[in-house]
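The values are calculated or read from the model by the stated rules, or taken from the named source; none is laboratory data. A quick note: this is a predicted structure, and the numbers were derived from the prediction, not measured. Reconstructed Cβ throughout: ideal geometry from the backbone, glycine too, with neighbour counts over all protein chains shown. For the accessible areas, the whole protein counts, side chains as well, though only heavy atoms, and no ligand, DNA or RNA atoms are used. Shrake-Rupley method; radii C 1.70, N 1.55, O 1.52, S 1.80 Å.
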Amino acid sequence: MLLGKYSFGVGDRFSHQGKAQLGAILRAKEQGIDITPVWNKSHREHTIIKTSPKDVRAEADAAVKAMGWKGPYFVDADHIGLKNVDLFVDSSDFFTLDVADVIGHKADEKDAAAFVKKYKKYAGSLAVAGIEKKLEISEKQIAAIAEKFLAAVKEAGKIYRHVKSVKGGETFVTEVSMDETDQPQTPIEMLFILAAIADEGIPASTVAPKFTGRFNKGVDYVGNTGQFAKEFEEDLAVIAYAVKTFGLPKELKLSVHSGSDKFSIYRPIHAALKKFNAGVHIKTAGTTWLEEVTGLAMAGGEGLAIAKKVYANALGRFDELCGPYATVINIDRKGLPKVQDVEKWSGEDFAAALRHEQSCRKYNPNFRQLLHVGYKVAAELGSEYTNALKKNEKIIAENVTTNIYERHIKPIFAD
Ligand SMILES: [Zn+2]
């Protein structure tokens, strides 16, 4: 079950853009870039939109068939835990085991002591190929890492073994994710988290840490891109070291839960991948939904009316919609346009405010972030929304494909 060196997660809230998304992967293939497509959707998204994991499987299979895709592809049960994994077992062949909530839970004392005993030989100055300065590690630090992360990795082991037993074998890709937490994990923490993952017998293909900086939804990275690049490179070095040292799967690679559109770190990621000859998995989701709204606006008429309605309702329900995303959005309410002003906008005005073109004077990141979390409003419109998607399929598909290929795939993967 090889995910391949490069893979790209295309979340699709309303399950209508599978073909358009695969179109972007095919465009990359024409340019000689092999990328494995993965359709990811979390339990939270399913709950809000009232879809089920089998819808994602149906969408992926239909897109693959329609576009004549011959390569591997996967359906990712994104951010699942023991309490909801069963809903995904039949339709998914990629499982993102989210154990961020368990970080900081006290590890079993005996387990922690055994971990320290086993790994204290790495204390001192550790040379890791690809990292200029030796890592300075103390036994105390290893104990602190065990204390903080061991319970989380054990939890991942429980979920993994559960999926394996229900599936009847290792017929799936496993990702361990720890990104939905406040504190970024340092490369040294990553090293010992990987040791724990190996001990737990999880054949992880990908690992998703929390990186330094802010990954707000649908907008660019906020933080020190130099610091990000340094830590990203160190993570790549640590992974290569851990694969060799702890016997983890050779294909193990980083997974970047991008929250979509982290344009300013795409080239640093590209440079790091080249430098280390490393693979990567990039996860996106909301960027496609925002292209749907852009496409509807550009279509004018009824489509534009729906786009405006979604915005007006989202603005009226600001607190409710933003609440669950509080840690991953940063909206300046004063920067949001008034509903009466948006009413007067043309389709191009609306699209220009929403489209993620930072050089465009009309681009409004507050507007974009609010719409990003506003998909619940569109979900409530039911067939009014999905019929508009069908009716305006062509213009929306163009936006979806171009966005994924030009703004994401090219900067990350193309030379
Ligand atoms: Zn995530």
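A few points about this structure:
- Candidates Ala113, Ala63, Ala58: the one that is away from the ligand (no atom under 16 Å from the Cβ), in a helix (DSSP H, G or I), open to solvent by 20 Å² or more (accessible area, probe 1.4 Å) and under 28 Å from Ala28 (Cβ atoms) is Ala58.
- Against the test of being touching a Pro at 6+ places or on another chain (Cβ under 6 Å) and closer than 20 Å to Glu292 by Cα, the options Ile48, Ile25 yield a single qualifying residue, Ile25.
- Scanning the stretch 191-209 for residues that are in contact with a helix residue (DSSP H, G or I) (Cβ under 7 Å, 6 or more places away or on another chain), assigned to a helix (DSSP H, G or I) and more than 16 Å from the ligand (Cβ to nearest atom) yields Leu191, Phe192, Leu194, Ala195, Ala196, Ile197, Ala198.
- Qualifying residue in the stretch 21-37 (condition: within 16 Å of the ligand (Cβ to nearest atom), under 21 Å from Thr171 (Cα atoms) and assigned to a loop (DSSP other than H, G, I, E, B)): no
- Meets criteria (over 21 Å from Leu3 (Cα atoms), away from the ligand (no atom under 16 Å from the Cβ) and modelled with pLDDT of 95 or more) for Gln141: yes
- Residues that are part of a loop (DSSP other than H, G, I, E, B), open to solvent by 20 Å² or more (accessible area, probe 1.4 Å) and either farther than 16 Å from Pro209 by Cα or more than 16 Å from the ligand (Cβ to nearest atom) (or both) within the stretch 85-110 comprise Asp90, Asp93, Gly104, His105, Lys106, Asp108, listed in sequence order.
- The test for being closer than 22 Å to Gly303 by Cβ and open to solvent by less than 70 Å² (accessible area, probe 1.4 Å) does not hold for Ile329.
- Residues that are among the hydroxyl-bearing types (Ser, Thr, Tyr), in a helix (DSSP H, G or I) and under 17 Å from Gln21 (Cβ atoms) were ranked within the stretch 245-294; the one that is farthest from the ligand (Cβ to nearest atom) is Thr294.
- Filter pass, Asp76 being within 16 Å of the ligand (Cβ to nearest atom), open to solvent by 40 Å² or more (accessible area, probe 1.4 Å) and in contact with a helix residue (DSSP H, G or I) (Cβ under 9 Å, 6 or more places away or on another chain): no
- Scanning the stretch 227-258 for residues that are open to solvent by 40 Å² or more (accessible area, probe 1.4 Å) and not small (Gly, Ala, Ser) returns Gln227, Lys230, Glu233, Tyr241, Lys244, Thr245, Lys250, Glu251.
- Selection from the stretch 170-180 of residues that are part of a loop (DSSP other than H, G, I, E, B) and near the ligand (Cβ under 10 Å from one of its atoms): Met178, Asp179, Glu180
- All told, Lys164 falls short of being touching a residue at least 40 places away in the same chain (Cβ under 8 Å) and away from the ligand (no atom under 16 Å from the Cβ).
- Residue count for the stretch 264-285, restricted to those that are of a type outside the set (A, V, I, L, M) and surrounded by fewer than 17 Cβ atoms within 10 Å (Cβ to Cβ): 5.
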